[in-house]
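Everything below concerns the one structure shown next.
Bear in mind that the values in this text are calculations on the coordinates, not laboratory data. Bear in mind that the values here come from a model prediction, so they are computed numbers and not experimental data. All Cβ positions, glycine included, derive from the backbone under ideal geometry; neighbour counts span all protein chains shown.
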Amino acid sequence: MDTFPKINSSEYSDLTNVIKWFILLRWVAACGVCITLIVIQTVFGYVLPYALLYTLNGILLLVNTGYAFYFFRLKNRNLLRREIQFFLHIQICSDYIILFLLLYFSGFLSNPFSYFFVFHIMLTSYIFASAVTYRYIFILTALFLLVTAGEYFSFLPHYALSAPDSGAYRELIPQRVIGLTSTLVISAYLTTTIKARLEEKGRKTEIELNKYKDLDNIKSNFILQVTHELRGPIAALKGYHEMILKGITGKISGHTSRTLLKADHRTANLLNIIDEMIDYAYMQSGSRLKNKTSALNAADSITYNLEMYEHMAQEKQINIRTTCPRDLYIKGSRDLLNIIIGNLLTNAIKYSPERSTIILNGEKMEHMAHILVKDQGMGMKADELDSIFEEFYRTRAAREIEKDGTGLGLPIVKRAVQSLDGKISVYSEEGRGSSFHVYLPLATKPQKE
Ligand code: ADP
C-alpha cells in the first residue's frame, strides 16, 4: 500500500490540465473545419481543393487521436516535466502547420479565418515564456511574408476564395461575417477561460500559502514551548550558582568559586540564547505583533535598557554615553521597543573592545523618532552588511569573538521595527565601528503619565 501522500504541485497539475484542454479544443476545431467546408462547398459553392482540405482536416483528427492515445492511455496523464514541455511544443507546432496549410489552400490572407492565428498565439503565450512566444511569432511572420511574396511573384499558386458568378462585395459578406463572429466568440471564450484558470491558480496558491503559514506557526509554537520548558530549569540552575557563589550554602574554596563563575557565565549565555529564541518564536507566531500600542517615553526605555545591560558594559569597562529629550514619545509597544534597543545595545557591547565608548541616543528627526546605537567595535565588511538581518547569519569575526551567538537578534529587531511601521539602517566600517539607526513613528505626549 502507498503510505506516502502524493505530492501535489499546482503548476504541474495545471500543465496536465492544459494538455487535456488542448486535446478537447482540437476535437472542437476539427468539427468546426468540417462543418465550414461542407457549408462553403454546398451552400456558397466556392471553388477550392476540397479533397486536400478534407485530408488536412483528417490529418488533424488523426494527430489529435494520437495525442489523446499517448496522453491518456500510454502515459496515463502522468508525464515528466520535460515530457510535458516537449509534448506541448509538438502540439503547438502541428497546430500551426495544419492551420497554415488549411488557410493556404483556401484563400490564404484573404480568408477571414486567418485571424485564428491570434488564438494560437494567445495559447502559446499562456503556456510558454514570452521569448518562446516571440520566436513562434517570428517564424510565422517569416512564413507569411515568404508565401505572400511567392503568390505575388507567382512562384506559388493562389487558391482564391471565391464563388462562381458572384460580385466582389456579395462574395465577401458571408465569409467576413462568419470569420468575424467566430473570431469574437472564440476570443471571448479563450480570454474568459484563461482568466478563470488564472483565478483558480491564484486561489490554489493562497490555500497553499495558508497551509505553509499554519505549518510555520506550529513550528514557532513548538519552539516556544520547548524553549519555555528549558528556560525554567536553566534559570533555576543559574540561581543556585549565584547562591553558592554568594556563600549562602556555605564557604567555598577559591578554585571552586572560579570554576563556578565559569559555569555561571555559560549558563547566563545559554539563558540569553533561550530568550532570543523565545523572542524569535513570538515574533514569528505574530503574537507579539498583536500587542497594544501606546505612547512610550523614549528616554525611559533607554534608561531601562541601560540599567538592564549595565553589568555587561562594566565587565568590559565600556563607557555608554546617552542623550534623549524627555518629551520624545514613540508609538509602539513597550516589549517591542525593549527588544529593539536591548538587542542593538547588547550587540554593541559584545562586538566592542574593552574601554571603548558606545553612544545610545534618542532624538526627533523630521516626523520620526530616531534612535542611534553607535559603537567603536570591530565593524563589518560591506558585503556582510547585506546578510546580517538574515536568520542565523553571523560574521566570521563575530563567531571568533563570541561563540554563543544565535544570529537571531537582528532578524528579531528588523521584524519588531517593521511591525511598528519603522525603518532600520546600518553603517559600518571594518575595524572602525558600526552605527544602527532606527526610525519609529512619533506619538503625542499622553495626557497623564
Ligand atoms: P548574534 O549577535 O547572536 O550573532 P545578531 O543577529 O544580533 O546575532 O547579529 C548578527 C551578526 O551581525 C552578528 O553575528 C555580527 O556578525 C553582526 N553584528 C551585529 N551587531 C554588530 C555590531 N554592533 N558590530 C559588529 N557586528 C555586528
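Once you order the gyration tensor axes a ≥ b ≥ c over the Cα atoms, which shape class does the chain get: rounded for a/c under 1.5, otherwise prolate or oblate by comparing a/b with b/c? The shape class here is prolate. Using a/c under 1.5 as the rounded threshold, could you call segment 205-305 rounded, prolate or oblate? The axes a ≥ b ≥ c are square roots of the C-alpha gyration tensor eigenvalues, and prolate needs a/b larger than b/c, oblate otherwise. Note, shape of segment 205-305 comes out oblate. How charged is the neighbourhood of Trp21? Take every other residue with its Cβ under 12 Å from the Cβ of Trp21, and add Lys/Arg as +1 and Asp/Glu as -1. In short, +2.
Structure remark: mean-square fluctuation, Gaussian network model of the chain, C-alpha springs under 10 Å; the largest value among Ile207, Ile388, Ile248 belongs to Ile248.
On full extension, the segment bounded by Lys195 and Asn221 gains 5.5 nm, given 0.36 nm per residue less the C-alpha separation. 3J(HN,Hα) along segment 421-430: 6, x, 9, 9, 9, 9, 10, 7, 9, 4 Hz, from the Karplus curve 6.51 cos²θ - 1.76 cosθ + 1.60 with θ = phi - 60°, whole Hz, x for Gly and Pro.
Karplus-based coupling profile of segment 399-409, in residue order and whole Hz: 5, 6, 6, 10, 6, 8, x, 10, x, 10, x, with θ = phi - 60° in 6.51 cos²θ - 1.76 cosθ + 1.60 and x standing for Gly or Pro.
Using the rule -39500 (n - 2.57) for each DSSP H run of four or more residues, divided by the residues of the chain, the 222 nm mean residue ellipticity is -21500 deg cm²/dmol. Which value, in nm² and rounded to one decimal, describes the direction-averaged projected area of the C-alpha convex hull of segment 294-441? Seen from a random direction, the Cα hull of segment 294-441 projects 8.0 nm² on average.
Applying a threshold of 32 Å to the alpha-carbon distances of Lys213/Lys445; Lys364/Lys414; Lys213/Lys374; Lys219/Lys364; Lys238/Lys316 flags Lys213/Lys445; Lys213/Lys374; Lys219/Lys364 as lying beyond it.
Maximal additional length on extending the Ser253-Ala131 stretch stands at 36.1 nm, based on 0.36 nm per residue less the C-alpha distance. Highest mean packing first, where packing is the average number of other Cβ atoms within 10 Å per residue, the peptides 119-131, 324-336 line up as 324-336, 119-131. For segment 277-359, what class follows from the C-alpha gyration tensor (a ≥ b ≥ c being the square roots of its eigenvalues): rounded when a/c is under 1.5, otherwise prolate if a/b is larger than b/c, else oblate? Taking the square roots of the gyration eigenvalues as a ≥ b ≥ c, segment 277-359 is oblate.
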